[in-house]
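The values are calculated or read from the model by the stated rules, or taken from the named source; none is laboratory data. All values derive from a computational prediction rather than experimental measurement. Here the Cβ positions follow ideal geometry from the backbone for every residue, glycine too, while neighbour counts run over all protein chains shown.
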4 protein chains.
Amino acid sequence: MSSHTYTLLASCSDRVGIVAKVSEFIASHNGWITEASYHTDTLSHWFFMRHVIDANSLPFDIEEFRQKFIPCAEELGLQWSISDSDVPKRVIVMVSKEEHCLAELLYRWRAQDIQFEIAAVISNHETMRDYVEFHGLPYHYIPIDKNTRDSSFKEVEKLFDKYQVDNIVLARYMQILPTELCQQYASKIINIHHSFLPSFVGAKPYHQAYERGVKLIGATSHYVTGELDAGPIIEQDVIRVNHDTRVEDMVRLGKDVEKIVLARALRYVIEDRVLIHGNKTVVFN
Amino acid sequence: MSSHTYTLLASCSDRVGIVAKVSEFIASHNGWITEASYHTDTLSHWFFMRHVIDANSLPFDIEEFRQKFIPCAEELGLQWSISDSDVPKRVIVMVSKEEHCLAELLYRWRAQDIQFEIAAVISNHETMRDYVEFHGLPYHYIPIDKNTRDSSFKEVEKLFDKYQVDNIVLARYMQILPTELCQQYASKIINIHHSFLPSFVGAKPYHQAYERGVKLIGATSHYVTGELDAGPIIEQDVIRVNHDTRVEDMVRLGKDVEKIVLARALRYVIEDRVLIHGNKTVVFN
Amino acid sequence: MSSHTYTLLASCSDRVGIVAKVSEFIASHNGWITEASYHTDTLSHWFFMRHVIDANSLPFDIEEFRQKFIPCAEELGLQWSISDSDVPKRVIVMVSKEEHCLAELLYRWRAQDIQFEIAAVISNHETMRDYVEFHGLPYHYIPIDKNTRDSSFKEVEKLFDKYQVDNIVLARYMQILPTELCQQYASKIINIHHSFLPSFVGAKPYHQAYERGVKLIGATSHYVTGELDAGPIIEQDVIRVNHDTRVEDMVRLGKDVEKIVLARALRYVIEDRVLIHGNKTVVFN
Amino acid sequence: MSSHTYTLLASCSDRVGIVAKVSEFIASHNGWITEASYHTDTLSHWFFMRHVIDANSLPFDIEEFRQKFIPCAEELGLQWSISDSDVPKRVIVMVSKEEHCLAELLYRWRAQDIQFEIAAVISNHETMRDYVEFHGLPYHYIPIDKNTRDSSFKEVEKLFDKYQVDNIVLARYMQILPTELCQQYASKIINIHHSFLPSFVGAKPYHQAYERGVKLIGATSHYVTGELDAGPIIEQDVIRVNHDTRVEDMVRLGKDVEKIVLARALRYVIEDRVLIHGNKTVVFN
């Protein structure tokens, strides 16, 4: 969709007439809805919705939309946000020495396959500098070792603060972020874990998978929380393996799943398709 | 969902305010929407919607709903229907000698995994009589051969007319229905074809797949029209094969896909999730 | 393959010349190999092989094959077995109240889609008696409750001893077998667990999956050992779910995966395609 | 596998004792077989095999292997070839303006995820020059238009002749090669077609898929022959779509399948896993 759109994400306690009220608000201003998705969590009785509205169909801009929508939102008790397709989301990508996820994200950005901007790449190695700088992007090398871990992550935090991005993507960064940093940037940091969570949390998941003798391996993209590999899952996928698949083959095969799963998850986040609800996600894809 | 619901299916030319108007109508009668799905065909500018409404939340029955909804439907130019979850759909199953699809449908019915009724089974062989009659279902044996084809299908037509079912399921029936019968029961007859259509139309698709050396084989459930294997597709799936998979292995492996694809398609139809649009389907699943 | 074949399964410590020696033995008796599969476990340096031999190409019967093969097997230090396609494997099926896996296995047996025999069905409920007895199969009702658990499983054990089957299939039996029984029938009992193991071991895996918010659910067929849901995995598969999938939907969707995964695993076992190696399997499929 | 290996590919008319003879030859020279795969085409009675042999286990080099193997090969009537893992395969990549397949192949080469070399990139557009040249690879711009088509493809042919590569990869090149060129480089040119062949041959397959209303779209990598999109298939895969998936979404989603399918097919070819048999392939993966 190349046209100019606003995306309205909202949730509230379920009741009769929510869709009627919100769609009536939009229609009353001649708003053309190009996508509409709804979901009720039947256990918590919480209602979620996403509307994409043709910006050109409205007689006012996004600021005025925000103002005019307040009474409707207050009446329904909505938690809501609205975003503008003309203001691309910005992300920081964090990477270690493995290239596949970074290469995938750089391709998606170059080709504008996902409509986002990369503000900077942060790495604890110099390995990817040339490749990143070829793209004209800033590359920050912040080595992490046991003794300087705290000060290094202070530097990382400064970069987070400086760039003021919408999301941070851990593209196989292989370092555990400090808990406080995770909390400070809650709901903003996306990780790709190289297992089908909750199986094989933590280090060397393919070795764990090999040991257990599973017949499928997978990858999971999730929001980062203070608890390791336990945040809300955005997307997962798997690939078939068999007795002939050695650990090194799993590592190789798994990369194809990791990069595609991460790219899908990033798209959902960038396109405002994801709402977090407790430790789970609603993904309107 | 065991509760009592009405399912409203509707479509019309796209314009501003359709969702607002329909959801306002439902909300104004205190109707509790438990599922809502929308789709716009951007080429034909046609709009589709499906609402599931808690019947107990409404102050009137389905007949009164129909009456009260007419003005709203007329204003929007809706093509619409509403069904009652307390009135299970009834189907005729047609089968030849292959058992897998019939066995699957009988299981779904026995276990009420899909909430439908089987009015009768029609077959051109006696093979499945005992198994069907164990279930307490009528079994009609109507042999088909070249010379008596016309009169045989007259008998089939009489059974169609007699049982007045909602849908007819060709569960690997292996006979081509007369064009007039297809037209008379348009949008009611569901077939399972043992290929990933549009590849390998017609007879012996697994032989065709083997000859072509494909690496995946599949199955397609579609509405039957006058043109062979060319009607609107409801559901498809595939399974991996390789150079070691002989035709007889494809036949065996394919059965698992056929029966699951047919069962999914039947569920979508029985639960009023399918709208036909030209030669395509909208499936709100 | 309807023809008469012998299947030779063997494993030994890896070394140069194993395939040469075994294939030379077979060729020296004019044996026609119709399938040959090999695998080396590169960590344990253990070698596995499976040969299917056209029985009619050999000048002797299976007993004489066994005798003549002994020197070759001893020289290589083989662990081996050979089976005859004319002697179908026999199984006991154990079931609770859920029908889907039992119905699938009964279909596979009726249609001889898998070439095995069902010696008896054992259940802790009467629910499936009529359906099983329609097939002319013995149905043993052995209720299990807390107080009589030990004596009930003594009865089960007597049936195991009486029927002398090749395998026991827990087709959603929902009871944990006593450890001693598991050990006594080691490598013979096959279970279907309704999760993608090792995730969600134990009770109510779909509830666990729902709580964790996974985007795929699965099923695992494995050999039963003394440790719950921890035995060697034979086959697994998954199906996609999303935020809209309630627990009851997972239960329903999962059944399609469970029954297909169990049927595949049973086929592999019945066709002598599975070798157990530590807590893992080699599956020549 | 980082070690030094030879890969022996061979096929012949099926008979008793082929495996015995070839494995005896290898064992007699102390050859350590690390992978062995066999296949019989039961219709044509043709036998296929692939052996990977640890080069260091042999007392001679690949040339001497070739000489010593001749009598064995002649006795069996083998068509055979042997390759050396220390001599990486070289390919030419041909590309148009779409980047995804090229970016994927460049990543696989940079990371040596597939162990091959890119001799040059040929394109009918300048679009990808900078990106390719950053990698230090030659980029040949040969525009194709109706009037100069013949002379342009003469230039292409000269480059083929000059670089003397093992394979040519059409990475969404979007031009039909002249029949003579296809024949001259028979069994060497690999294409990625953006449909699940044999469905939707030729131009705009996603438009064709959209029109037909299929529920899965796919991609096919195949050898190029004189007949359009009809050569032996190496690998295929699919991805689910629904009524909401517009043509532009199919184009976007399809790219993920195209690049992964092409990368898998290239790996199979580079690792000598593919044998062509009539219009089909045997892929030992």
Would you confirm whether or not region D:187-194 contains a residue that is of a type outside the set (Lys, Arg) and within 13 Å of chain B (Cβ to nearest Cβ)?
yes
Pair list, Cβ under 6 Å, 6 or more apart: region C:196-215 residue of a type in the set (A, V, I, L, M, F, W, C), other residue surrounded by fewer than 22 Cβ atoms within 10 Å (Cβ to Cβ) and part of a helix (DSSP H, G or I):
C:Phe200/C:Gln208
Residues (surrounded by fewer than 17 Cβ atoms within 10 Å (Cβ to Cβ) and either small (Gly, Ala, Ser) or at the interface with chain C (Cβ under 9 Å from one of its Cβ atoms) (or both)) located in region B:76-113
B:Gly77, B:Ser81, B:Arg110, B:Ala111
Residue among C:Arg252, C:Arg264 that is within 30 Å of C:Arg90 (Cβ to Cβ) and either of a type in the set (D, E, K, R) or in a helix (DSSP H, G or I) (or both):
C:Arg264
The condition of being within 13 Å of the chain's Cα centre (by Cα) and either farther than 30 Å from D:Lys280 by Cα or more than 9 Å from chain D (Cβ to nearest Cβ) (or both) holds, among B:Val283, B:Val241, only for B:Val283
What are the residues in region D:267-285 that are assigned to a helix (DSSP H, G or I) and either over 30 Å from D:Lys89 (Cα atoms) or among the aromatic types (Phe, Trp, Tyr) (or both), if any?
D:Tyr268
For region B:202-220, give me each residue that is surrounded by fewer than 24 Cβ atoms within 10 Å (Cβ to Cβ), of a type in the set (A, V, I, L, M) and more than 10 Å from every other protein chain (Cβ to nearest Cβ).
B:Ala203
Within region A:211-238, of all residues that are modelled with pLDDT under 95 and of a type in the set (A, V, I, L, M, F, W, C), the one nearest to A:Leu181 (Cα to Cα) is A:Leu228
Checking D:Thr148 against (1) free of Cβ contacts under 8 Å to residues at least 60 places away in the same chain; (2) under 19 Å from D:Ala120 (Cβ atoms), the condition it does not meet
(2)
Only one of these conditions is not met by D:Glu75: (1) in a loop (DSSP other than H, G, I, E, B); (2) not assigned by TED's automatic domain parsing to the domain that holds D:Leu181. Which number is it?
(1)
Only one of (1) touching a residue at least 60 places away in the same chain (Cβ under 8 Å); (2) in the same structural domain as D:Leu181 (by TED's automatic domain parsing); (3) touching a strand residue (DSSP E or B) at 6+ places or on another chain (Cβ under 8 Å) does not apply to D:His100, and that is (3)
For C:Glu235, work out the one condition from (1) of a type outside the set (Ser, Thr, Tyr); (2) touching a helix residue (DSSP H, G or I) at 6+ places or on another chain (Cβ under 6 Å); (3) within 15 Å of A:Phe196 (Cα to Cα); (4) assigned to a strand (DSSP E or B) it doesn't fulfil.
(3)
Test: residue in region A:247-269 that is of a type in the set (Asp, Glu) and within 8 Å of chain C (Cβ to nearest Cβ):
no
Please work out if B:Tyr223 is away from chain D (no Cβ under 14 Å), hydroxyl-bearing (Ser, Thr, Tyr), out of contact with any Leu (no Cβ under 6 Å at 6 or more places or on another chain) and within 30 Å of B:Lys89 (Cα to Cα).
no
Number of the condition not met by D:Val121 [criteria: (1) surrounded by 21 or more Cβ atoms within 10 Å (Cβ to Cβ); (2) in contact (Cβ under 8 Å) with a residue 40 or more places away in the chain]
(2)
If we scan region B:28-45, do we find a residue that is touching a helix residue (DSSP H, G or I) at 6+ places or on another chain (Cβ under 7 Å) and either surrounded by fewer than 17 Cβ atoms within 10 Å (Cβ to Cβ) or under 30 Å from B:His194 (Cβ atoms) (or both)?
yes
Every pair of residues 6+ apart whose Cβ atoms lie under 7 Å, when the first sits in region D:178-190 and is on the phi < 0 side of the Ramachandran plot and crowded, with 17+ Cβ neighbours inside 10 Å while the second is of a type in the set (S, T, N, Q) and assigned to a loop (DSSP other than H, G, I, E, B)
D:Cys182/D:Thr225
Is at least one residue of region A:212-223 assigned to a helix (DSSP H, G or I) and more than 30 Å from A:Tyr6 (Cα to Cα)?
yes
Being farther than 25 Å from B:Ser221 by Cβ and modelled with pLDDT under 95 is the filter here; which residues of region D:184-203 pass it?
D:Ala186, D:Gly202, D:Ala203
Hits in region B:158-173 - residues which are farther than 14 Å from B:Val91 by Cα and surrounded by 15 or more Cβ atoms within 10 Å (Cβ to Cβ)
B:Arg172, B:Tyr173
Residue check for B:Ser85: touching a residue at least 12 places away in the same chain (Cβ under 8 Å) and over 22 Å from A:Lys21 (Cα atoms)
yes
